[in-house]
1. So between ALA42 and ILE447, what do we pick up on full extension, going 0.36 nm a residue minus the alpha carbon distance?
2. What percentage of all Cα-Cα pairs in segment 536-676 are separated by more than 19 Å?
3. Would you mind calculating the relative contact order of the chain from Cα pairs under 8 angstrom and at least 6 residues apart, reporting the percent as a whole number?
4. Using alpha carbon centroids, what distance separates segment 246-275 and segment 518-575, in Å?
5. Mean residue ellipticity at 222 nm from the helices of the chain, using -39,500 (n - 2.57) per DSSP H segment of n ≥ 4 over the full residue count, to the nearest 500 deg cm²/dmol?
6. Quick one: of the DSSP bridges fully inside the chain, what percent are antiparallel, nearest 5?
7. Out of every Cα-Cα pair in segment 205-245, what percent are more than 14 Å apart?
8. Could you give the dipole magnitude of segment 536-676 about its Cα centre, charging the beta-carbon of Lys and Arg +1 and that of Asp and Glu -1, in debye to the nearest 20?
Amino acid sequence: MASTVKSRSVRTSKSGHSMKRKHAHNEGIIPQLALAVREVEASAQRGKASPANRTRFHVVALIMRDERARVRDDQEISAADRAETLKRLDGIAGILAKTVAQDPSLLPLLEPEAPITEATIALKRKMLTQAGLEAPEEEPTTPAQESITKIVAPELVDRQVVPARVSARKLANPFLAPQLNRKSQEVPVVRLANWELISPLLKAFEQGGHGMASMELPEAPVRDRIAPADTELMPHQAKLLAAVRDGHRRFLLADEPGLGKTAQSLLAASVANSYPLLVVAPNVVKMNWAREAEKWTPKRRVSVITGDGEDVDVFADIFVINYDIVGRHLSWLGDFGFNGLVVDEAHMIKNVTSQRSRSVLALADRVRNAAPSGDPLLVALTGTPLINSIDDFRAIWQMLGWTAGEKPGPELLSALEATGLTPADGAFYGAARQAVIDLGVVRRRKIDVAKDLPAKRVIDLPIELDDAAAPGVQEAERKLANKLYDSYKRMRKVAKEHDYSDEQLIRMVCARELEADEQGDGVNVFSMVRQIGLAKIDLAVDYAAQLARSAGKVVFFAKHNDVMDRAEAAFAEHELKTTSIRGYQSATERQKAIDAFQTDPEVHVIVCSLSAAGVGVNLQASSNVVLAELSWTDAEQTQAIDRVHRIGQEEPVTAWRIIASKTIDQRIAELIDSKAGLAARALDGGAAQADDADSVQMRVLMSVLRQEIESRES
């Protein structure tokens, strides 16, 4: 990474002598920072910040960080001047924070490790010079630095574990195969040399209406010579393997949930001979990955990495590790010589600033650039790659090497150059979307490739809360509305001073409240949802119990542990035997619960956590799903339902959403449904209406505040 160089704290006179910096309000660097940050804020309020304003935002953050350190360390500054300067810098920091709330894509630019571009350096030098300061000499971050060449982040060094047996494999095979077929990274860039391209690429997918986002695949072979005995591939699965046979090695496999992505990725490794293969997956599905590997590649040894890895079979062909412990094992995983990497439920790395995502991206970078084969297999698996925003693509593209930080990777850049177009051309967006797709996006829908799969439907069941529960929920909603309105009134003066519109003020209030909500600060939208879940659980259990007696096994989803506890106790009162999948269970315990539900006729209901059991779990023994609590995203809801609606299901599937009428629950359900258009537009080619980039939580808060303002001020 390029080191951050502190800006000089002196002004140079004609004679070459330094002079103390003046602290007048209209002099120095701070007025320039204030002007620049206001321009970025205005840009973010109109939508996504432009490339120029992204650069301006980054420069303000860099100079502000340097200036804060300088003021704190400079002993020649008086205490009063120091306090005044720090106060003004805090004001700029506050505006940066508000701007990030409006455009979350700016958040990575606040990280000290954010890549420094030539444009950033040029603007920083210009602002410092205009302020009468000496600009430091800095170098831009190189593409190699942007793609995280350092496998272990400094904060993880002390936490590294290396299983004792790892050295045994290295001793057994001390010489890795030479990387003879490493592809050249040189790409002649002419037409697009000065264009910012990531935002136009994302926009190309967001526009919609351009057809299914799936690369052209070869025809499936007439005879399946890949799958082992007693198994059978569906045609759509065989087509992907034919592409691997033809040499393709990078895939965003985004088939809808339930279409056998696990089998496809395991067999892809077999076809490409991409061993050793590493699979990174949620903890809940580690054991299922081991089972599937034994089923589809029975001649390959599988080892599941747990804890510090003391039990790992270092001579295995397939290694399975969960996201939570990847960071502890980076040092040896990065040097092991993997020729293949599968990232399951890849939408879990969408937050590129989180430690989990950074660890996975660093590991993927190492596999791409140091695999002994020279051309490793990389597969990102997710049926729901887009959760809240089109920006969710960023981390997945980076993991596959299609992008490097804020730039296209060599292969994608070459494809974009070949179009002969720039973002100034209207035709660029369709061509750019196709260029990304051709790199390896594979998306198939159940309705197209599994026509014999039974139908699926979602039915809402509005319920009236009983007299004991309703007043408590209504009081909580009233407290939240009052809290938001009081904050709205307090901030009106600030909004007037800065000429904010009422809509901008509402957004600022809700963004600040949401940040407090996530810290569990008193009555908030999260605690309200939990309270509603507890209030409606008995009615949800009553309905599920009727289903279990009349239609057979039921999959029962809830969000909170105490709601699940109440549900299991209520099912016991109904004399229905249950099993459960919780987030705190070990992989073995979860698999035991799944097996009991699937095979034991005495187990009528499985009570599942939306977050722990919503991915990678097969529960086809049931065709009825009860969603006792709502998710925050349509993607999570879809994933939960598709634990039942998948290959192997023989009955029509019905999901029953239990919704507390006349409460905020109703509004959440409506907002979840409105979010469903994002994937249809970006992946399935639908011409859905423009989607709001705000999260459901944010939109709920804004809805509550608008309603409260209207009721009080109309």
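Read-outs throughout are calculated quantities, based only on the coordinates presented, and are distinct from any laboratory measurement. Small disclaimer: the values here were computed from a predicted structure and weren't measured. All Cβ positions, glycine included, derive from the backbone under ideal geometry; neighbour counts span all protein chains shown.
1. That pair, ALA42 and ILE447, stretches by 141.4 nm at full extension.
2. 47 percent
3. The value is 15 percent.
4. If you average the Cα positions of each part, the centres end up 37 Å apart.
5. Value at 222 nm, helices only: -14500 deg cm²/dmol.
6. For the chain, the DSSP antiparallel bridge percentage is about 10.
7. Taking all Cα-Cα pairs of segment 205-245, the fraction more than 14 Å apart is 54 percent.
8. Using only the charged Cβ atoms, the result is roughly 200 debye.
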